[in-house]
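Enquirer: Sending over a structure as structure tokens; questions will come in a sec.
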Amino acid sequence: MSIAPGIPSPYLLTLDFSFPIETAGKRGYRLQVAHSLDQAARFDLADSAWTIHSGVRAALLNYLLASRTLESFRCEEKVREDQVNILEQIFSAGEISRQNVDLARIELSKTHAAIITAEGQVSETKAALAATVGLPVAALQSVDFSWPNIDTPPNAVSLSSREIQREAVLNRLDLRRSLAQYAAAEAALQLEIAKQYPDINIGPGYTYEEKHSFFTVGFSTTVPLFNRNQGPIAEAEARRKEAAAAFLERQAQVTAKSERAFAVYTAAQKELAEAESLRKLQETQLQIMQQTIRAGADNRLSLDNIEIQSWVLARAQLDALLRSQRALGELQDSVQRPLGPGEMFTVTPELPALIGPSKDVKR
């Protein structure tokens with residue numbers, strides 16, 4: 001609507017109403033551009049949420065396994081102290097040389113040093129966990145952390161390389177964001193093409209001039225007579241090609257990352273299985289030695305040696321578990337969803353992805 005006062009006459013007044021009518025579906029294309037960009041922003045938010053989830057998982061993993069490694073060293077320390085006491089008694093009886101006792105004390109000192117190092121790692125990983133969740137370290141002092149399935153990552157045999165690639169292509173939030181951006185570029189191109197067809201402005205008017213009134217019907221349009229909007233169309237088409245190229249490049253990167261992550265996880269699972277096998281074999285030997293000692297056929301020193309070796313193998317298994325869980329984390333990052341049992345997340349166009357777990361969604 002427009003109102004024009006009387007110039008130069010104070011008795012001249014013009015009142016016009018204008019109703020724009022868009023043609024060729026321009027309004028729909030603009031809505032599609034806005035909707036696609038809104039989806040891209042939501043996927044970007046969900047991508048940030050997954051990054052936080054992944055960081056917390058890695059920090060918690062490092063803290064829990066560092067704590068278990070420290071406990072392993074402390075248990076080994078007790079066994080080595082018992083070993084030194086036994087050797088001292090045997091040395092006092094004159095059955096061994098002092099060198100044997102000194103060697104045992106050196107190993108005990110090495111274990112003390114390892115405990116100090118492990119304590120530092122526990123403090124460091126706890127501080128990293130606190131920083132990841134945005135809390136001071138003091139807030140975590142009385143918190144007990146639990147990860148029920150930490151010792152049983154999913155078997156690589158239960159995961160298919162083809163399924164992992166499919167999940168990466170369909171579920172990666174950055175890919176879905178790129179696809180939404182391409183949809184926005186496509187709708188913007190269609191809008192520029194539609195602008196070749198002119199819009200129409202119609203509306204009634206009223207004019208008063210010194211006791212005379214006039215009603216008019218206005219009609220106006222802008223006709224692209226010369227270039228038919230070819231310049232903006234070419235720019236929009238170039239932006240669409242750029243969005244398509246970015247999507248295809250990202251898709252290739254995601255596929256390659258998922259293949260590599262699956263290969264690394266498969267190798268880590270084999271290493272973990274081997275470490276678990278050695279640990280079980282050592283436990284069997286330990287049980288046999290305990291039965292032998294109860295029968296009076298052997299001495300406590302032999303049992304200590306086997307127990308020390310058991311704790312060494314236990315730490316080797318923890319190292320293999322750490323590598324396996326880290327590889328699993330990288331594999332989950334490649335598909336951007338948890339792969340553990342009972343952990344399923346859903347992504348919808350209406351809500352940011354990965355808001356919370358959903359037990360009903362199966363992939």
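Enquirer: Fully extended, how many nm does the chain gain between Phe145 and Ser109 (0.36 nm per residue separation, minus their Cα-Cα distance)?
Expert: Stretched out fully, the Phe145 to Ser109 stretch lengthens by 9.9 nm.
Enquirer: Further question: Taking every Cα atom in region 88-198, find the radius of gyration and the maximum pairwise distance Dmax, and write them in Å.
Expert: 30.8, 110
Enquirer: Taking every Cα atom in region 151-198, find the radius of gyration and the maximum pairwise distance Dmax, and write them in Å.
Expert: Reported Rg and Dmax, both Å: 19.5, 67.
Enquirer: Right, here's the next one. Which whole-number percentage describes the relative contact order of region 11-124, with Cα contacts under 8 Å and a sequence gap of 6 or more?
Expert: Relative contact order, region 11-124: 29 percent.
Enquirer: Just subtract the alpha-carbon distance of Asn155 and Arg300 from 0.36 nm times their residue separation and send over the number in nm, one decimal.
Expert: This chain segment gains 48.3 nm when fully extended.
Enquirer: How large is the accessible surface per residue of region 32-113, computed with a 1.4 Å probe and reported in Å² as a whole number?
Expert: 52 Å²
Enquirer: Ok, one more. Give me Rg/Rg_expected for region 17-175, where Rg uses Cα atoms only and Rg_expected = 2.2 N^0.38 Å with N residues.
Expert: After normalising by residue count via 2.2 N^0.38 Å, the value is 1.96.
Enquirer: Probe radius 1.4 Å, ligands and nucleic acids ignored: give me the carbon and sulfur share of the accessible area of region 98-187 as a rounded percent.
Expert: The nonpolar share, carbon plus sulfur, comes to 55 percent.
Enquirer: Can you find, among Val264, Ile306, Leu248, the residue sitting farthest towards the positive end of the charge dipole of region 243-321, where Lys and Arg contribute +1 and Asp and Glu -1 at Cβ?
Expert: Leu248
Enquirer: With +1 on each Lys and Arg Cβ and -1 on each Asp and Glu Cβ, and nothing else charged, work out how big the dipole of region 20-97 is about its Cα centre, in Debye to the nearest 20.
Expert: It comes to approximately 880 debye.
Enquirer: Cα-based Rg of region 138-177 per 2.2 N^0.38 Å, rounded to two decimals?
Expert: The reported ratio for this selection is 1.90.
Enquirer: Another question, then. Just to confirm, what accessible area per residue do you get for region 257-323 at 1.4 Å probe, in whole Å²?
Expert: Accessible area per residue: 57 Å².
Enquirer: Debye calculation, C-alpha points only, no solvent: report log10 I(q)/I(0) for region 236-299 at q = 0.12, 0.19, 0.23, 0.28 Å⁻¹, in the same order as the q values.
Expert: -0.60, -0.81, -0.92, -1.03
Enquirer: Suppose every Lys and Arg Cβ carries +1 and every Asp and Glu Cβ carries -1, with no other charges. What dipole size does region 72-151 come out with about its Cα centre, to the nearest 20 debye?
Expert: It works out to roughly 160 debye.
The values are calculated or read from the model by the stated rules, or taken from the named source; none is laboratory data. In this text the structure is predicted, and so the values were computed from the model without any measurement. For neighbour counting, all protein chains shown are included, and Cβ atoms are generated from backbone atoms with ideal geometry for every residue, glycine included. Please note that ligands, DNA and RNA were not included when accessible areas were found on the heavy atoms of the full protein model with its side chains. Shrake-Rupley method; radii C 1.70, N 1.55, O 1.52, S 1.80 Å.
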